[in-house]
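Take a look at the structure set out below.
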Amino acid sequence: MLRTLALAAAFLTPLFAVELQLPTENHHLFTGEPEKFYMYVDRTFEGETSKPWEGGSFGFVRTPIRIGQDVVLTKFHEGVDIQPDKRDKAGNPLDLIMSVSDGTVVHSSNVAGRSNYGKYVVVEHRFEGDAFYSVYAHLAEVTAKPGDAVKKGSVLGRMGYTGAGIDRTRAHLHLEMCLLMSGNFEGWHHAFSGGTNFHGNFNGMNLAGMDVAGLFLAHQKNPELRVQDFVLNSPAYFKVTIPRDGAWNFAERHRWMVKGDMNAPSPSWELSFTATGLINGITPSPRPVAEPVVTAVRNSRIGHRHLTRGLIDGTGNGAALTRSGKQLIALLTDDFPTPAATTPATHTTPGSQ
């Protein structure tokens, strides 16, 4: 009888429980002291200067504007900024940066000026067979290289203040947990951005970040939490229906995101997005559409443009994709126009400072 119960418990326990740890020795996220965990930002608004720690957290946490009686934070910060735990006498951070979970280093950038991330590392994690990516930015030194197999806690580099808009006083680690949007970012970049892409598919514009601090807190509460379920349960802000034409690489890579039978015939897909532009649901749709169109949006009296980093526009229950929104859909679907037909991109680059 005891053996039977043990076998039943084994089947009920996830075989691949995700193991996560914070990337530095700063654990104040878990002690209820966020002001000791997040690196503040310098803010001047309506004549008042402040240093809110909230500016180092995830989401719309920066650049306040007043709209009537409302103050709205409009700039999206795609990760979290973790302040140093230790500094030397000159004020330089001493913290080692560690991988948040087992994985493989897939990208490292040792030239600070090639990105607003400064020197940064990307690690691929296979959670229940699906790829997620952690990003560690603004490093003083990178000690990991592509191809390195890492364990939870493996050292990747040292905290610094490389990248745009950071000085020694505000030295920190910028951490993200992301989904890769396209396996052909170079094609999108060539069509919309121009210039040189030094980072291949691991350019920050191709990595859609989730609420990584929320993930850590939820995982601490439930160590059996799947990262997939955390994404699926993130609140949706708008939905876009797109024509369905053959196989779709993103959906094939993330089948867990598809609701229902992904092989069932339908003329279109309906995609759910969080306010920050993270896709978190794909549903076969019976609605025929000739091009991507917003088919649902959260009701808001404040313009949707301010609440979605400019991906959609409109108010109330109505919205339309902006140019940036259309380029996001193009990135997800690998639907790039020919270079001769393109103009410079207006895609919003999420902040990482």
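The values are calculated or read from the model by the stated rules, or taken from the named source; none is laboratory data. What you see is a predicted model; the values in this text were computed from it and never measured. Heads up, the Cβs are rebuilt from the backbone with ideal geometry, glycines too, and the neighbour counts pull from every protein chain shown. For accessibility, only protein heavy atoms count, side chains too; no ligands or nucleic acids. Shrake-Rupley method; radii C 1.70, N 1.55, O 1.52, S 1.80 Å.
Residues that are open to solvent by 50 Å² or more (accessible area, probe 1.4 Å) and closer than 23 Å to W256 by Cα were ranked within the range 114-128; the one that is modelled with the highest pLDDT is R126. Which pairs have Cβ atoms under 8 Å, sit 6 or more apart or on different chains, and link a residue in the range 232-248 that is of a type in the set (F, W, Y) to one that is part of a helix (DSSP H, G or I)? What qualifies is Y237/L307; F238/H304; W248/T333.
Number of residues in the range 219-268 that are of a type outside the set (A, V, I, L, M, F, W, C) and over 18 Å from T295 (Cβ atoms) equals 20.
Filter the range 73-107 for residues that are of a type in the set (D, E) and surrounded by 22 or more Cβ atoms within 10 Å (Cβ to Cβ); which is nearest to H304 (Cα to Cα)? It would help to see each step written out before you state the result.
Let us first name the residues in the range 73-107 that are of a type in the set (D, E), namely 78, 81, 85, 88, 95, 102.
Right, trim to surrounded by 22 or more Cβ atoms within 10 Å (Cβ to Cβ) and you get 78, 81, 95.
Values: E78: 18, D81: 26, D95: 39 Å.
Among them, the one singled out is E78.
Within the range 274-305, the set of residues being surrounded by 19 or more Cβ atoms within 10 Å (Cβ to Cβ) and either over 22 Å from M257 (Cβ atoms) or without any contact (Cβ under 8 Å) to a residue 24 or more places away in the chain (or both) comprises just one member, H304. Restricting the range 32-44 to residues that are in contact with a Phe, Trp or Tyr (Cβ under 8 Å, 6 or more places away or on another chain) and open to solvent by 50 Å² or more (accessible area, probe 1.4 Å), which is nearest to F60 (Cα to Cα)? Among those that are in contact with a Phe, Trp or Tyr (Cβ under 8 Å, 6 or more places away or on another chain) and open to solvent by 50 Å² or more (accessible area, probe 1.4 Å), it is Y40.
Among residues that are touching a Gly at 6+ places or on another chain (Cβ under 9 Å) and within 26 Å of R43 (Cβ to Cβ), Y117 is included.
For the range 186-232, how many residues meet the condition of being of a type in the set (D, E) and touching a strand residue (DSSP E or B) at 6+ places or on another chain (Cβ under 8 Å)?
Of the residues in that region, 1 qualify.
Determine if the range 212-223 includes at least one residue that is of a type in the set (D, E, K, R) and surrounded by 16 or more Cβ atoms within 10 Å (Cβ to Cβ). No, the range 212-223 contains no residue that is of a type in the set (D, E, K, R) and surrounded by 16 or more Cβ atoms within 10 Å (Cβ to Cβ). Kindly indicate whether T49 is more than 18 Å from A171 (Cα to Cα), in a strand (DSSP E or B) and either open to solvent by less than 80 Å² (accessible area, probe 1.4 Å) or aromatic (F, W, Y) (or both). Judged against the criteria, T49 is not a match.
For the range 24-74, filtering for residues that are farther than 23 Å from G160 by Cβ and touching a residue at least 40 places away in the same chain (Cβ under 8 Å) leaves 8. Of all the numbered requirements in (1) within 21 Å of D102 (Cα to Cα); (2) out of contact with any Ser or Thr (no Cβ under 8 Å at 6 or more places or on another chain), M159 misses one, and that requirement is (2).
Is there a residue being modelled with pLDDT of 95 or more, under 25 Å from G214 (Cα atoms) and open to solvent by 60 Å² or more (accessible area, probe 1.4 Å) anywhere in the range 161-184? Within the range 161-184, one or more residues are modelled with pLDDT of 95 or more, under 25 Å from G214 (Cα atoms) and open to solvent by 60 Å² or more (accessible area, probe 1.4 Å).
Any chance you could count how many residues in the range 60-72 are in a strand (DSSP E or B), open to solvent by 60 Å² or more (accessible area, probe 1.4 Å) and more than 10 Å from R43 (Cβ to Cβ)?
Summing the residues that are in a strand (DSSP E or B), open to solvent by 60 Å² or more (accessible area, probe 1.4 Å) and more than 10 Å from R43 (Cβ to Cβ) in the range 60-72 gives 2.
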